[in-house]
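Everything on this sheet refers to the single structure shown next.
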Amino acid sequence: MATSTGDGLADATGVAEHGASAPGMPQLNFDHWGNQIFWLIIALAAIYFILSRVALPRIGAVLAERAGTITNDIAAAEDLKQKAKDAEAAYDKALADARVEANKIVAETRAEIQADLDAATAKADAEIAAKAAEGEKAIAAIKADAITNIETVAKDTAAAIVAGLGFSADDAAVSKAVTSRMKG
Amino acid sequence: MEGDLAHIGAGLAAIGSGAAAIGVGNVAGNFLAGALRNPSAAASQTATLFIGIAFAEALGIFAFLVALLLMFAV
Amino acid sequence: MATETAAADHGAEGGGLVFHPMDQFIVKPLFGEGEVHWYTITNVTLWMALAVLAVFALMVMMTSRRATIPTKGQSIAEMAYGFVYKMVEDVAGKDAVPFFPYVMTLFMFIVFANFLGLLPMSFTTTSHFAVTVVLALAVFLTVTIYGFMKNGAHFLNLFWVSSAPLPLRPILAVIELISYFVRPVSHSIRLAGNVMAGHAVIKVFAGFAAIAIISPVSIVAITAMYGLEVLVAFIQAYVFTILTCVYLKDALHPGH
């Protein structure tokens, strides 16, 4: 219907130059429907075959594999994170241990040095005390000597003086007088 | 003279395209208003939006088809 | 007739405009002249074959490495897979997954036919009712036959709205029945109509480019329409696919 009316109208209005086989609307030219439907069915069958046999299973497999890989990777990352945390804890512990050890060594060394120092001081003190005692003893001896000497000299001098003055006196009396005088 | 009347009819049928435009605008505008009130629900309703637009637009396309038939097939 | 009117209007300044907005849809034999039989190799054959090749290139050749870390091409193929798979699963339900290759076939064919049709000088197979009617009828028959096979007479619950008051139900049943049988009509005409309208409008704007003063405006308008058509090419494929899923849901779960 479209063909005949369209052609007639086209001829009448003078637009026939674009082909007699082209009625107003090519979509309504039912002579061509068979051709289009035939090729459409072939094209759809080809696409359906390509998609259902090859493309879709392949893409589905790739997507599933990727999802699996991502899950695995996340699990592995979680694992590694845990390991890193453990390692950090171990490091911290080792550091604390080392610090404690070092403190201990420092304290020990300090105590040792202190002990040595104390021993040396005591020894030196003892030596000094000994020396001082010796010195005092020597001084006492010298003092005693000196006193004895002075007594002798005083006795002699007294005897001499007494003799000089024309008195006679025995040595014992002079000595006794000098001694009592010297004692004061 | 017959052709001229067909052209007038085609022009009248083209008014239907404008009516379809109002319909599509209504759908899209209401969707936007709803989406701005509850943006989190908007993404899940885009399919409904397109279906609504498609139904509204189909009637405009029918008007266009009537115009074409009047122009070329009557 | 459109030509004559337009030419008469602009004849004075343009020296005769020529509009052939529908010529791009003419089915021609690819080799030589002559009658178009059902087996003739035509421009329909050529552009459908290119669509098949494009599907093959994207879905098979791009994924041939099966890489865990995908290349750009493989990402696009996976995106298409995920897009349609999610649509089938979300809209039609989990038990519609066996229909996924079927829905994917429709989507890939329409999307590539639409985009190939946007190439200059190309032939848009999806602008023909012959093509879209077959696609829509295939969906309609699948849904109807599968619905009866799976649910038996229970499938008729689709038309008997049990949630409505009893006196209204027969009226609603008639409305539902009509809307059910209008589905393949609107399903097919929506796709072909959208694609055809866009291409015809571009051609009309191209016809105006013959007038020197208007041609810049015309070229800007063609560019804008082309952008819109790129959008429409995808959206119509999406809408066709999602409506297929909606109808499949009716076949699987006929209860309202």
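The values are calculated or read from the model by the stated rules, or taken from the named source; none is laboratory data. What you are looking at is a predicted structure, and each value in this text was computed from that prediction instead of being measured. Reconstructed Cβ throughout: ideal geometry from the backbone, glycine too, with neighbour counts over all protein chains shown. For accessibility, only protein heavy atoms count, side chains too; no ligands or nucleic acids. Shrake-Rupley method; radii C 1.70, N 1.55, O 1.52, S 1.80 Å.
For region C:42-92, which residues satisfy the criterion of being outside any helix (DSSP H, G or I) and open to solvent by less than 20 Å² (accessible area, probe 1.4 Å)?
Residues satisfying the conditions are C:THR42, C:THR63, C:ALA67.
Can you tell me how many residues in region A:54-65 are more than 7 Å from chain C (Cβ to nearest Cβ) and open to solvent by less than 30 Å² (accessible area, probe 1.4 Å)?
The number of residues fulfilling the criteria is 1.
Which condition from (1) in contact with a Ser or Thr (Cβ under 7 Å, 6 or more places away or on another chain); (2) within 30 Å of C:ALA130 (Cα to Cα) is the one that C:GLN236 breaks?
(1)
From the residues in region A:157-169 that are open to solvent by less than 90 Å² (accessible area, probe 1.4 Å) and outside any helix (DSSP H, G or I), which one is modelled with the lowest pLDDT?
A:ALA169
Is it fair to say A:THR71 is β-branched (Val, Ile, Thr), closer than 24 Å to B:ASP4 by Cβ and either out of contact with any Leu (no Cβ under 9 Å at 6 or more places or on another chain) or at pLDDT below 95 (or both)?
No: the conditions fail for A:THR71.
Condition check: within 29 Å of C:TYR247 (Cβ to Cβ) and within 14 Å of chain A (Cβ to nearest Cβ). Does B:ILE61 satisfy that?
yes
Looking at region A:16-53 only, could you name the residues that are at pLDDT below 80 and away from chain B (no Cβ under 11 Å)?
Result: A:ALA16, A:GLU17, A:HIS18, A:GLY19, A:ALA20, A:SER21.
Going through region C:213-256 one residue at a time, which ones are within 14 Å of chain B (Cβ to nearest Cβ), open to solvent by less than 70 Å² (accessible area, probe 1.4 Å) and under 30 Å from C:TRP160 (Cα atoms)?
Scanning region C:213-256 gives C:TYR238, C:VAL239, C:PHE240, C:THR241, C:ILE242, C:LEU243, C:THR244, C:CYS245, C:VAL246, C:TYR247, C:LEU248, C:ASP250.
Matching residues to (1) basic (Lys, Arg); (2) within 9 Å of chain A (Cβ to nearest Cβ); (3) free of Cβ contacts under 8 Å to residues at least 60 places away in the same chain:
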| position | (1), (2), (3) |
| --- | --- |
| C:MET48 | no, yes, no |
| C:ILE76 | no, no, yes |
| C:VAL97 | no, no, yes |
| C:PRO101 | no, yes, yes |
| C:MET104 | no, yes, yes |
| C:VAL111 | no, no, no |
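Specify which of the listed residues (A:ALA132, A:ALA45) is surrounded by 10 or more Cβ atoms within 10 Å (Cβ to Cβ), free of Cβ contacts under 8 Å to residues at least 40 places away in the same chain and closer than 30 Å to C:GLN74 by Cβ.
Within the list A:ALA132, A:ALA45, the selection yields A:ALA45.
Somewhere in region A:66-84, is a residue open to solvent by less than 80 Å² (accessible area, probe 1.4 Å) and at the interface with chain C (Cβ under 9 Å from one of its Cβ atoms)?
Yes, region A:66-84 contains at least one residue that is open to solvent by less than 80 Å² (accessible area, probe 1.4 Å) and at the interface with chain C (Cβ under 9 Å from one of its Cβ atoms).
Right, A:LEU9: at pLDDT 85 or above and either open to solvent by less than 30 Å² (accessible area, probe 1.4 Å) or part of a helix (DSSP H, G or I) (or both) or not?
No, not satisfied.
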